[in-house]
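Asks: This is the structure I want to talk about, given as structure tokens.
We did not get these values from a lab; they are worked out from the coordinates using the rules stated. None of these values were measured; they are calculated from a predicted model. We place every Cβ from the backbone using ideal geometry, glycine too, and count neighbours over all the protein chains shown.
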Amino acid sequence: MTKSLTGIFGPVVTTFEEQGGDLASGAFRANIKAHLASGLAGVLVAGSTGEAALLDEDERLRLTELARSIVPTDRWLFIGTGAESTRECVRRTRNAAERGADAVLIVPPHYYGAAMTEDALWAHYSRIADESSVPVLLYNIPKFTHLSLAPSLVHALAEHPNIIGIKDSTGDIVQLRAYLEAQSDHFTVLTGHAGTVLEALASGARGAILAVALFAAPIVFDLYESHTSGDAERARDAQARLRPVSKEIVAELGPPGIKVAMDLVGLAGGVPRGPLRPLGAAERERVSTLLGAAGLARVA
């Protein structure tokens, strides 16, 4: 592994055509180019923000190919390959690797939640990591999975030579610090929660995968660079600017809200895929107001 697993990464949206709902490949490529130009250390395709649960298998492959054609080798291309069965996750991971993924991010299976013991999850992740030709990152997002990866499980999996990190999207700093006890030269902890990103970085997280970085990159980088340079007051100010847009646009409105925010700052958001619904007029105006309060450029 030659690239450093540090910095700010973006979980890109999946763009769809307004008529018919097929992938909007041109918009997807344009967004990635803009995100990389903003300074992102890499992108995640087919994550929660990318409406991964609503994509078909051919679309996942196509998105991986499109992204790989744009993301340079000095940046990271992560692909979300989580699935309910271990067999399917192995297959998705193999397909992503064959199409150029640098690493895969794997959400835990959760439909049979009561059966997802530490032993079951250890066996699931270990088999995938054993069989994958690219590194694996764990993904902890109980908001959607309704289960949380126990620190003891993460510590055990961190010993696997092909598991290189975890994205923790909870915003629970106590739990993140427990994960950080497993951090090493080989295993990296990244936060996925913009509302607590400064505290996560101060606690030792090496970076973040943040949906808010898709439409508020200047603030995210102000925070990251201020923290890195030791300008604590400026970093706190940036965190305060991020918190409302993170909470109300990302956490509360989800992909439909993120897509509207992207449209409003001049990128391509577009429509979500059903059953997700587009925002109504009042919600769109709220997003616009939040962006304005944060000092983010808006377009007509």
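Asks: Positive end of the charge dipole of segment 7-217 (Lys, Arg +1 and Asp, Glu -1 on Cβ, about the Cα centre): tell me which of HIS146, GLN19, HIS124 has its Cα farthest that way.
Replies: Sorting the options by dipole projection puts first GLN19.
Asks: Pop the C-beta distance of ALA281 and ALA37 into the FRET formula with R0 = 41 Å and round what comes out to the nearest 0.05.
Replies: It comes to 0.85.
Asks: Oh, and also: Please state the charge dipole magnitude for segment 7-217, taken about the Cα centre, from unit charges on C-beta atoms (+1 on K and R, -1 on D and E), reported in debye and rounded to the nearest 20.
Replies: Details: 16 positive and 24 negative charges, 73 e Å.
Computed about the Cα centre, the dipole is about 360 debye.
Asks: Cα-based count: Lys pairs in the chain below 23 Å, eight or more positions apart or different chains?
Replies: Final tally of qualifying lysine pairs is 9.
Asks: Follow-up question, since we're still on this one. Report, in deg cm²/dmol and to the nearest 500, the calculated mean residue ellipticity at 222 nm for the chain, where each DSSP H run with n ≥ 4 adds -39500 (n - 2.57) and the sum is divided by the residue count.
Replies: That comes out to -13000 deg cm²/dmol.
Asks: Using label points projected 7 Å from each Cα along Cα→Cβ, tell me how many nm separate GLU98 and ASP172, to one decimal.
Replies: The two pseudo-label positions are separated by 3.8 nm.
Asks: Next question, about the same structure. Using a basic spin-label model with each label point 7 Å from the Cα along Cα→Cβ, how many nm lie between GLU17 and ASP119?
Replies: 5.1 nm
Asks: Which of LEU291, LEU279 has the fewest other C-beta atoms within 10 Å, and how do the rest follow up to the most?
Replies: On the way: LEU291 21, LEU279 18.
Ascending Cβ contact count within 10 Å gives the list LEU279, LEU291.
Asks: ARG236 versus SER25, label points 7 Å from Cα toward the beta carbon: distance in nm?
Replies: Placing both labels 7 Å along Cα→Cβ, they lie 5.0 nm apart.
Asks: Let me ask something else about it. Taking the chain as a Gaussian network, Cα atoms linked when under 10 Å apart, which of ALA158, ALA268, ALA37 shows the biggest mean-square fluctuation?
Replies: The residue with the greatest mean-square fluctuation here is ALA37.
Asks: Within segment 36-78, which residues have the backbone N less than 16 Å from the label spot 7 Å out from THR228 along Cα→beta-carbon, could you tell me?
Replies: It comes to 36-43, 74-76, nothing else.
Asks: Using a Gaussian network model of the chain with C-alpha springs under 10 Å, which one of VAL212, VAL71, VAL197 is most mobile by mean-square fluctuation?
Replies: Of VAL212, VAL71, VAL197, the Gaussian network model singles out VAL71 as fluctuating most.
Asks: Right, another one. Please compute, for the alpha-carbon atoms of the chain, the extent along each of the three principal axes and give them in descending order in Å.
Replies: The Cα atoms of the chain stretch 51, 48, 38 Å along the principal axes, largest first.
Asks: Report for the chain the percent antiparallel among DSSP-assigned beta bridges with both residues inside it, nearest 5.
Replies: Percentage antiparallel, nearest 5: 5.
Asks: Here's another thing I want to ask about it. Of GLY257, GLY82, GLY100, which is the most mobile in a GNM of the chain whose springs link Cα atoms less than 10 angstrom apart?
Replies: Per the Cα network of the chain with a 10 Å cutoff, GLY100 tops the list.
Asks: Now a separate question. Residue separation times 0.36 nm, minus the C-alpha to C-alpha distance between TYR111 and ARG62: what's the value? Before the final figure, lay out the partial values.
Replies: Working: separation 49, 0.36 × 49 = 17.64 nm, distance 2.64 nm.
Full extension from TYR111 to ARG62 adds 15.0 nm.
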